[in-house]
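Input: a single structure, listed below in structure tokens.
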């Protein structure tokens, strides 16, 4: 009798484990045998389309607690507006997001809508995983594309070879500008007058100011500047990492490039107006600024909420100085996008969702009042946001940067960023004074060129294997 | 003995009895969840991995073009792979450290020193704590200006190391951390091993006039060699797969890729660069490497592991 019971139990266990496997089957299939390129419809969405039940769509993103709370709120609003749609919100840690998304795509279970990192959008677009939003943007009921900065929409265009033109594969979830934040109290104490949009600083003015602002010793040491944005220095000086026409030729041995790099390093090495390597390692420039021990730091507008909460001094923003050689100033701008899966069973609902999340006025208002982002709708940016009480006082600087000085970083336009990471991987040698900028750039150029070639080859291979 | 012979003859001869078949079936059913688990989560991925290593699979597009041994050729020419391999071998350093300390600690516990239970709990704590939380704490401990470790070191040296920015020191920090983490876990094995040595051996040795030192080296050490061997094997496999520490301390692999390990590199290639085929090739080669190391360990073990009379 006992034995019979045991056997029955074992049969049940066996049956259960087999059933468990059946559950996995859907995940397993594409990774082992599925080589067709036809859109895969996930079982879940297939079930819901034919019935009168609610349309279910899944939306995956990352974010801080505050952002997640805002998104939950906005999703609820969306569901009220479109009562026939139900959204499942999946939150993943930002450093695991790409891994998770790729695994889900590999398993044929791509979420209907998801965040799309600007550096990686091309990878998903060229492999046919993103829904073409071009028609939707032109004929949608949620926002007016003319009221959004053109550069923001263009950011997510891709023509199969280059970013910036062609079909639209994502809508901007937000836009981040990267100005110089400065401590107004320290500026007043040192008698430094900040630049204005019409009367910008050049590098020499910046250095002079930084010298005046650097005071004290030991624990009371206050530095004039944090690490200077190398991108801004290089681009403003008329140099490029990679030629902008074809994105195939590394140009880091250009004298203008080397000069810019050396200038950034010399702020620390020669002039002593920026924290040393070990000081930066112990306390980042960003945190040092928050503690009032650093007068000027480059930071993104995503830091606004943090600065509101944690800076007990007055602060404002300014433009990056112009290069004395060219008279121009450039800096990158960032954005995270929202994309729709090409395999979604409900493209309309998914497109409406991302448009709603991106451009809904309430959402935009929530985002800027919470200090997460600046508005992307022009009328709101130049209207109510200008009268918004919280700092920065010079809000117009942010939009001046966005309209006149901001560009998409070169590494975001190449297929992968390995060449760029490699450039930075040993840059400390220059900033610690172990190598000059010239020595460094010459020593690493061939390696970088090789990695860029690999990146371009990979893009070609991807488009080939997907067509 | 006769009975067993008869039984095995019976097996070869007439085939299994009904009872035996039933028992065999029940046995199979009992192990089936494990077997299925093994096949689904280990064997199948392994086969897929080896297959994918001969393709240009990028995980995002369903197409996989067969590229022959291209990935393997690329691998041997890839300087980052060799750097990662060197860094990985560096992670073997903690093994002798924590095994020695764990043995000493277990020996002390075995000798019933005061408060041993408290110590045991304290030593075991790191093993059950979240590695991410631990890493964050260690980042503060090893902060070059404000960290406790460097405050202490600055009493003796002028320029304590920059633990987090100099890859050489980052690797040593990981070595220290792994050692610290595994002492407690390892000592549990040793405590069990020490308890299993019959007291009579020591009594006999005492009668023969052996001192504590001789007893330790002639009785204790040889009799716990199976445990030491086991710990060496799993320690080596574990060390070679170091990943989280690298991801936390040097998210980009460190300056000049001075910290990135093989598993970290595989992960980067698979998911950051979307070169799943290439990542699979690295994984296959590295899997074979671990296999060879383990086989060598087993072969050599015959010379020094005591397996009873």
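The values are calculated or read from the model by the stated rules, or taken from the named source; none is laboratory data. These figures come from a predicted structure and were not determined experimentally. Note: ideal-geometry Cβ built from the backbone for every residue, glycine included; neighbour counts use all protein chains shown.
Of the helices (runs of 4 or more DSSP H) lying entirely inside the stretch A:383-465, those containing at least 2 residues that are out of contact with any helix residue (DSSP H, G or I) (no Cβ under 9 Å at 6 or more places or on another chain) and more than 14 Å from chain B (Cβ to nearest Cβ) span A:395-400. Note on the stretch A:142-158: residues that are in contact (Cβ under 8 Å) with a residue 60 or more places away in the chain and either within 14 Å of chain B (Cβ to nearest Cβ) or surrounded by fewer than 23 Cβ atoms within 10 Å (Cβ to Cβ) (or both) amount to 7.
The listed residues are A:228, A:223, and the only one of them that is more than 18 Å from residue A:419 (Cβ to Cβ), in the same structural domain as residue A:325 (by TED's automatic domain parsing), assigned to a strand (DSSP E or B) and in contact (Cβ under 8 Å) with a residue 40 or more places away in the chain turns out to be A:223. Taking the stretch A:110-136 as the range and being surrounded by 19 or more Cβ atoms within 10 Å (Cβ to Cβ) and free of Cβ contacts under 8 Å to residues at least 60 places away in the same chain as the test, the residues that pass are A:120, A:125.
Tell me yes or no: at least one residue of the stretch B:93-100 is more than 23 Å from residue B:268 (Cβ to Cβ) and at pLDDT below 90. Checking the stretch B:93-100: not a single residue is more than 23 Å from residue B:268 (Cβ to Cβ) and at pLDDT below 90. The sole residue among A:283, A:294 that is within 28 Å of the chain's Cα centre (by Cα) and crowded, with 21+ Cβ neighbours inside 10 Å is A:294.
Evaluated against (1) within 14 Å of chain B (Cβ to nearest Cβ); (2) more than 27 Å from residue B:251 (Cα to Cα); (3) surrounded by fewer than 19 Cβ atoms within 10 Å (Cβ to Cβ), residue A:169 falls short on exactly one condition, (3).
In the stretch B:142-180, how many are assigned to a helix (DSSP H, G or I) and buried (at least 19 other Cβ atoms within 10 Å of the Cβ)? Matching residues across the stretch B:142-180 total 10.
Picking from residues in the stretch A:323-352 that are out of contact with any strand residue (DSSP E or B) (no Cβ under 8 Å at 6 or more places or on another chain) and assigned to a loop (DSSP other than H, G, I, E, B), the one that is nearest to residue A:110 (Cα to Cα) is A:343. Can you spot a residue in the stretch B:108-115 that is at pLDDT 90 or above and farther than 30 Å from residue A:288 by Cβ? So far as the stretch B:108-115 goes, no, none of its residues is at pLDDT 90 or above and farther than 30 Å from residue A:288 by Cβ. Those helices (runs of 4 or more DSSP H) of the stretch A:233-299 in which 1 or more residues are away from chain B (no Cβ under 14 Å) and touching a residue at least 60 places away in the same chain (Cβ under 8 Å) occupy A:255-269, A:285-290. Of all the criteria given as (1) within 14 Å of chain A (Cβ to nearest Cβ); (2) outside any loop (DSSP other than H, G, I, E, B); (3) in contact with a helix residue (DSSP H, G or I) (Cβ under 6 Å, 6 or more places away or on another chain), the one not satisfied by residue B:282 is (1). The condition of being more than 14 Å from every other protein chain (Cβ to nearest Cβ), out of contact with any helix residue (DSSP H, G or I) (no Cβ under 6 Å at 6 or more places or on another chain) and exposed (fewer than 14 other Cβ atoms within 10 Å of the Cβ) does not hold for residue B:210. When we screen B:127, B:146 for residues that are in the same structural domain as residue B:213 (by TED's automatic domain parsing) and either in contact with a strand residue (DSSP E or B) (Cβ under 6 Å, 6 or more places away or on another chain) or in contact (Cβ under 8 Å) with a residue 40 or more places away in the chain (or both), the only hit is B:127. Scanning the stretch A:89-109 for residues that are in contact with a strand residue (DSSP E or B) (Cβ under 7 Å, 6 or more places away or on another chain) and surrounded by 23 or more Cβ atoms within 10 Å (Cβ to Cβ) yields a single hit, A:101. Checked against (1) away from chain A (no Cβ under 11 Å); (2) in a helix (DSSP H, G or I), residue B:68 passes all but a single condition, namely (2).
For the stretch A:152-185, residues that are more than 16 Å from the chain's Cα centre (by Cα) and assigned to a strand (DSSP E or B) total 7.
The helices (runs of 4 or more DSSP H) found wholly in the stretch A:24-127 and carrying at least 1 residues that are within 14 Å of chain B (Cβ to nearest Cβ) and either modelled with pLDDT under 90 or in contact with a helix residue (DSSP H, G or I) (Cβ under 7 Å, 6 or more places away or on another chain) (or both) occupy A:94-106, A:121-126. Only residues that are assigned to a helix (DSSP H, G or I), buried (at least 20 other Cβ atoms within 10 Å of the Cβ) and within 14 Å of another protein chain (Cβ to nearest Cβ) were counted across the stretch B:227-252, and they come to 3. Residues that are over 24 Å from residue A:213 (Cα atoms) and touching a helix residue (DSSP H, G or I) at 6+ places or on another chain (Cβ under 8 Å) within the stretch A:235-245 comprise A:237, A:238, A:239, A:240, A:241, A:242, A:244, listed in sequence order. Counting the residues of the stretch A:409-443 that are within 18 Å of residue A:264 (Cα to Cα) and more than 26 Å from the chain's Cα centre (by Cα) gives 13.
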